[in-house]
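Everything below concerns the one structure shown next.
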Amino acid sequence: MASNRDYDIIVLGATGYTGKLTAEYLAKSVTEPVRWAIAGRSQSKLSDVAAKLNSSNAPAGTIVISELTVPEVTKLIAKKTKILINCIGPYHKYSTPVVQACAESGTHYLDVTGETPWVREIITKFEETAKKNKAVIIPEIGIESAPSDLVAYSAVKRIREIWDCGVMDMVAAVHELKTSGASGGTLATGLGLFEHYSAKQLKATTNPFCLSPLSERDHRHTKYPAPTTYRRTFGEKLTGAWKYPLLGDLTTSVTAGPNQAIVHRSAGKFPYYYGFNFNYAEYMAVASPINGMLVHFLIVFLTFCLAIPPIRAIVKGFMKYKPGEGPTVESTQDNRMEIRAVAVAEQLSKIPRKAFVNFLFEGGMYELTARLIVLGAITLLKEQDKIVKTHGYGFLTPSSLGQGYIDRLDKADVKIKVKQLGDLGSK
């Protein structure tokens with residue numbers, strides 16, 4: 001990362017819904033000295049955003065970029081900053097040139113996409129370029145999929161510390177999710193995936209290991225390990241409803257796909273730490289098996305419907321928010337997200353060895369996303385040498401930012417707590 005650039009961080013898409021929240025959080029809440037700027041397509045809108053921030057840590061500049069082409073992004077943004085926070089979605093539609101420009105310029109990049117097909121595509125296209133030019137690229141460092149990735153990392157870290165072994169199986173559950181709804185950009189992105197990618201491409205990314213590099217790095221172990229400490233029956237798989245110790249009744253989670261893919265990429269890049277037989281599965285907690293079946297079949301039905309173009313067109317017409325719009329701050333005051341997870345250590349014993357993790361945030365989900373990506377960028381800015389020494393360059397995951405990231409999040413009221421279950425351990 002070049003040291004003589006104009007800015008430490010540029011927020012691209014700062015006039016959009018998520019971009020504004022990101023800029024606001026960076027201006028109001030980050031006490032470490034950072035020279036940053038905001039970028040977008042409209043000077044008047046950028047000026048309005050900058051004026052409303054009204055902070056001693058206000059952006060040092062505004063950058064107008066009319067076209068998201070590789071030459072223009074490279075000239076106006078990528079070569080001017082050390083780190084780019086990209087809030088322009090749908091990412092599959094607009095942001096491939098942005099990633100390419102960063103990879104070619106040696107500029108670190110973070111975004112908040114949840115578009116697994118696109119993430120798979122850019123990894124294939126730009127991984128080697130990013131490594132060659134010493135760029136760190138971290139997609140999905142928002143609500144998808146940083147919480148899940150940090151929960152998994154925290155469990156593995158605790159088990160390593162106590163029992164000096166990896167993890168076999170990990171089951172996570174969205175225990176509570178109270179939200180004021182999705183923004184217009186999020187909804188447009190979800191609908192756009194069905195139009196941009198073929199059914200074959202979408203199906204390929206339903207595999208929870210679709211982003212894992214493990215099969216490319218080590219062929220001595222199972223390519224896609226199946227759970228070894230529990231089994232779901234045919235009926236449970238069919239209905240989606242089942243029960244897991246300490247987590248209760250569970251069912252299919254609509255957000256599990258991207259989260260599982262990112263967690264397995266983390267594990268696949270560092271199998272000697274996570275464990276070669278590591279398996280992560282994510283579900284949603286429900287009040288009863290009946291509720292679980294209803295939720296599961298509803299998700300299946302809606303997915304089928306959205307694959308039909310006329311139905312997508314109808315859904316677009318009834319969207320509450322348009323792209324660039326989202327829930328008001330007032331409506332998100334009582335929002336809440338809690339994830340609970342159980343990880344089983346590789347060393348089986350008479351007394352089961354496990355770690356129990358709890359992730360909790362009280363506030364709006366897009367506010368959470370802003371904290372996740374801003375503090376991720378600050379961690380990368382301040383701890384780059386340590387992160388690169390451990391993980392190298394190229395496409396990394398949120399957990400690669402390590403304990404320093406988790407500590408910053410803790411101070412920002414994003415809480416991740418871990419406790420051991422079982423014997424005292426060997427260390």
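Rule-based calculations on the coordinates, nothing more; no lab input. Being a predicted model, the structure only gives us computed values, none of them experimental. Every residue, glycine among them, receives a Cβ derived from its backbone with ideal geometry; neighbour counts consider all protein chains shown.
A Cβ-based charge dipole, computed about the Cα centre of the chain with Lys and Arg at +1 and Asp and Glu at -1, lands at about 540 debye. Each residue, LYS417 and GLU362, gets one label point 7 Å from its Cα in the Cβ direction; the gap between the two is 1.2 nm. Taking the average, over residues, of other Cβ atoms within 10 Å as the packing measure, peptides 80-86, 359-365 rank 80-86, 359-365 from highest down. Only Lys, Arg, Asp and Glu carry charge here, each on its Cβ (+1 for the first two, -1 for the last two); on that basis region 35-146 has a dipole of about 440 debye about its Cα centre.
Using a ≥ b ≥ c from the Cα gyration tensor of region 283-338 (square roots of the eigenvalues), is it rounded, prolate or oblate, where a/c under 1.5 gives rounded and otherwise the larger of a/b and b/c decides, a/b for prolate?
Working: a/c = 3.40, a/b = 1.05, b/c = 3.24.
Note, shape of region 283-338 comes out oblate.
In terms of its C-alpha gyration tensor, region 227-385 comes out oblate, because a/c is 1.5 or above while a/b does not outweigh b/c. In whole percents, the pair-distance distribution calculated for region 10-122 from its alpha-carbon pairs, binned every 10 Å from zero, is 15, 49, 31, 5. For the pair CYS305 and ILE290 in one chain, pulling the backbone fully straight at 0.36 nm per residue adds 3.1 nm over the alpha carbon distance. Checking the Cα-Cα distances for LYS223/LYS389; LYS28/LYS52; LYS134/LYS382; LYS75/LYS269 against a 23 Å cut-off, the pairs over it are LYS223/LYS389; LYS75/LYS269.
Over region 1-148, what relative contact order in percent results from Cα pairs under 8 Å that are six or more residues apart? Can you show the working numbers first?
Working: 276 pairs, mean separation 34.2, N = 148.
Worked out over region 1-148, it gives 23 percent.
Among 157-170, 233-246, the peptide with the highest mean count of other Cβ atoms within 10 Å heads the list, and the full ranking is 157-170, 233-246. Projected label points at LYS389 and SER331, each 7 Å from Cα along the beta carbon direction, are separated by 4.8 nanometres.
For the chain, a Gaussian network of Cα nodes joined below 10 Å ranks LYS131, LYS269, LYS386 by mean-square fluctuation, and the top entry is LYS386.
Rounded, prolate or oblate: which fits region 65-189, taking a ≥ b ≥ c as square roots of the Cα gyration tensor eigenvalues, rounded meaning a/c under 1.5, else prolate when a/b beats b/c? It comes out oblate by the Cα gyration axes. A straight Cα-to-Cα reach below 17 Å connects LYS316 with the aspartates and glutamates GLU195, GLU325, residues fewer than 8 places away in its own chain not being considered.
Helix content alone sets the calculated 222 nm mean residue ellipticity of the chain: runs of n ≥ 4 DSSP H residues at -39500 (n - 2.57) each, divided across all residues, give -13000 deg cm²/dmol. With the chain treated as a Gaussian network of Cα nodes joined by springs under 10 Å, which of ALA152, ALA50, ALA267 yields the largest mean-square fluctuation? Of ALA152, ALA50, ALA267, the Gaussian network model singles out ALA50 as fluctuating most.
Within the listed set TYR274, TYR283, TYR224, the residue fluctuating most in the Gaussian network model of the chain (springs between alpha-carbon atoms under 10 angstrom) is TYR224.
Along its principal axes, the chain has C-alpha extents of 63, 52, 40 angstrom, given from the largest down.
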